[in-house]
Amino acid sequence: MTNRSSKRNGKMQWYRVDLHIHTPASADYQEPNVTYLDILRRAEMRGLDIIAFTDHNTVAGYAAMYDEIKTLELLTSRERATPEERRRLAEYRRLLDKILVLPGFEFTATFGFHVLGIFSPALRVRQIEHILLSLHVPAQALDEGLTNVGASSDVLTAYRMINEAGGIAIAAHANSTHGVAMRGFDFGGQTRIAYTQDPHLHCLEVTDLDRRGRGTTARFFDGTKPEYPRRMRCIQGSDAHRLTKDPRNDKNLGIGDRITEVLLPERSFEALREMFTSNDFARSRPYFGGQEVYDYVQMAREAGPSIVQSFHESMARQGGKLYAVIADVCAFANTNGGTIYIGVAADPTTVPIGVSNIGESIEILRTEIARSINPPLEVEIDAQETSGKSVIRIQVPRGNDVPYAIDDNKIYVRDEAETSLAVRDEIVRLVLSRAQRSATPIEVAKKTTASLRPVAVLAAEPLPEPEAQAEPAPVREPEAAAEMPAEPTKRARRSRTAVRTPSREDAALVGVPRTGVEIIGTETRKGEQYHIMRDLRNGSIVKNVTRTSARRLWHYAIMEHETNPVDLDRVQWSGNIGLWKRYKRGGVVRYDLVMTEGGHTRVFYGVTEDGMQGAWAHFISDEEPDIIEEIEEE
């Protein structure tokens, strides 16, 4: 059982929350005769510790409950309360002692996108209503609970105003109808990036946390996608418009049908908001009741090594294993931040080794990072449990003072799932990027989308396609949409690969892949070839790369370019794009892809599935590659 008592000794504990609950104050509530006591009793029955009333564009439900309580208190204090009224008041007090109820709203932004704003109980209802008025919700609509309120403010303004008011901004059912992932809209890449990566947005509420695989929303927003570099916390909420699930339509959920557990020092709004603003993603997890506890480390292993995640079985000094950990810290700080796990292999099927003497090992890491890395870098180091073993987790932020170096002269960067020494051009780029950090990709995206003009959806990697749904759910809008699908079966993936043929318009819009490398120039000096490499993830160009100076992926690309040039007659073509080679390298399936344009052929080496957006996804397959590329240890 989860310990749900209040803070006693400063220890963190898990609390169960449902932060998306409607009341009869919402016009589309399905059981209008339900009382607020009924809602609290149902929340107690589901074992909830914290709930939020989030009616459509109003705080009327939360206000009505407390108005009722005030009336009962007044009648009781004047000894005018009936026995039934005294019982109701006692029941309110009992339930509110067990359950923290937070005020909030579900705001309908421009184009119908839904945003949850959740606030401290210390904030007066009128102050929250002022936020809604400032978001252009008409005054006469404040008590109506309608989903449609006319020309309201945009999503980014809502995020900012909620955050600046000290609230928690959550993108409601982001992967479903009215969600900011923009399913069904012809607004493309930059707008979706801004709406899901904005710094004022605290998390995404999604409907598929019970699913696993590459097709889930949480995996999509885990920081590995080139266009979505900020990892987003994903939670689940019931979006309940009734007490219990509708037996006629299981998409109409009841209170607590989707629960999130959060790790807090106490049951309070302040502690909850601190968790949402932290970068510790292990402090929230889906709760499924009666099932195995969600293993955060195992889920990370199943996702595998990436540009933001690495694994080390040991941190022993012997054999350079401790240095490899420190190199990853340096590389993550210089790239996009990331998480390092020590005591487990990347292979999720192997039994975790664990780390003995956790406290001493953490102190060694703190000392070594402080001694070796310059300028100083603040990282978070703690212990996590997985399969009965204790492992160490290091959370590395994206550094604000790049480049970071080990022993003042070794600068590392992260390239997909590999850590490598930076070459000259990369060091120059890091130095220049420090001056440009004030103009973040998110801010650039905002400027690009200020006018909200439709752009091609293929301009950025799309979310996985939704499942088909035979009939829309009655009344309940958010659940009427098809949700993010589970991982496609091998048969479905192969079928899609065999049938889908991009049109001429697709080929014109798809652009280059978003991961891997491209050789864009070569010159020979004294019998040796010097190559110009382009990193497809960030577009950076590195000159004067040779076989001997190249890192792993670059070395592979150069060897292929020099010894195994593309034979256009053997390429698997689909329009003007094609697949040359599919192979597994370092446990990761990669693709060598080809594009022809204007009589010129471009080859993209080592592309991962994360970088195959739009028409490129035509070549993705779940079948095991015939070719396994061995990687030599450096």
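Please treat every number below as a calculation from the coordinates, not as lab data. Since the structure is predicted, the reported quantities are computational estimates derived from the model, not experimental observations. Virtual Cβ from ideal backbone geometry, glycine too; neighbours counted across all protein chains shown.
Structure above, values below:
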{"quantity": "Packing rank of 532-539, 596-603, where each peptide gets the mean count of other beta carbons within 10 Å, highest leading", "calculated": "532-539, 596-603"}
{"quantity": "Hz values of 3J(HN,Hα) by residue in segment 358-366 - Karplus curve (6.51, -1.76, 1.60), Gly and Pro given as x", "calculated": "4, x, 5, 5, 5, 5, 4, 5, 4"}
{"quantity": "Sequence ranges 300-309, 252-261, 331-340, ranked by mean other-Cβ count within 10 angstrom, highest first", "calculated": "331-340, 252-261, 300-309"}
{"quantity": "Amide H partners (placed H, <5 Å) of THR386, local residues excluded", "calculated": "VAL391"}
{"quantity": "Overall form of segment 1-141 per C-alpha gyration tensor (a/c, 1.5; a/b vs b/c)", "calculated": "oblate"}
{"quantity": "³J(HN,Hα) computed for each position of segment 133-149 - Karplus, 6.51 cos²θ - 1.76 cosθ + 1.60, integer Hz, glycine/proline x", "calculated": "4, 5, 8, 6, 6, x, 4, 6, 8, 4, 10, 8, x, 8, 6, 10, 10"}
{"quantity": "Cα centroid separation, segment 558-576 to segment 106-161 (Å)", "calculated": "55 Å"}
{"quantity": "Of LYS410/LYS526; LYS98/LYS251; LYS543/LYS581; LYS251/LYS584; LYS11/LYS251; LYS526/LYS584, those spanning more than 32 Å from alpha-carbon to alpha-carbon", "calculated": "LYS251/LYS584; LYS11/LYS251; LYS526/LYS584"}
{"quantity": "Efficiency of FRET from Cβ geometry, GLU562 and HIS200, R₀ 41 Å, rounded to 0.05", "calculated": "0.25"}
{"quantity": "Long-range HN-HN contacts of GLU418 with modeled amide H, under 5 Å", "calculated": "none"}
{"quantity": "Extension gain from GLU623 to ASN400, taking 0.36 nm per residue of separation minus the Cα-Cα distance", "calculated": "76.2 nm"}
{"quantity": "Highest to lowest packing among 108-115, 555-562, 519-526, 372-379, scored as the average C-beta count within 10 Å", "calculated": "108-115, 555-562, 372-379, 519-526"}
{"quantity": "Segment 266-309 shape via C-alpha gyration tensor axes, a/c threshold 1.5", "calculated": "oblate"}
{"quantity": "Approximate spin-label separation GLN140-ASN279, in nm, with each point projected 7 Å along Cα-to-Cβ", "calculated": "4.9 nm"}
{"quantity": "Alpha-carbon centroids, segment 277-351 and segment 14-39: separation in whole Å", "calculated": "38 Å"}
{"quantity": "Under Karplus coefficients 6.51, -1.76 and 1.60, residue-wise ³J(HN,Hα) of segment 548-559 in Hz, glycine/proline x", "calculated": "6, 8, 6, 6, 4, 5, 5, 4, 4, 4, 5, 4"}
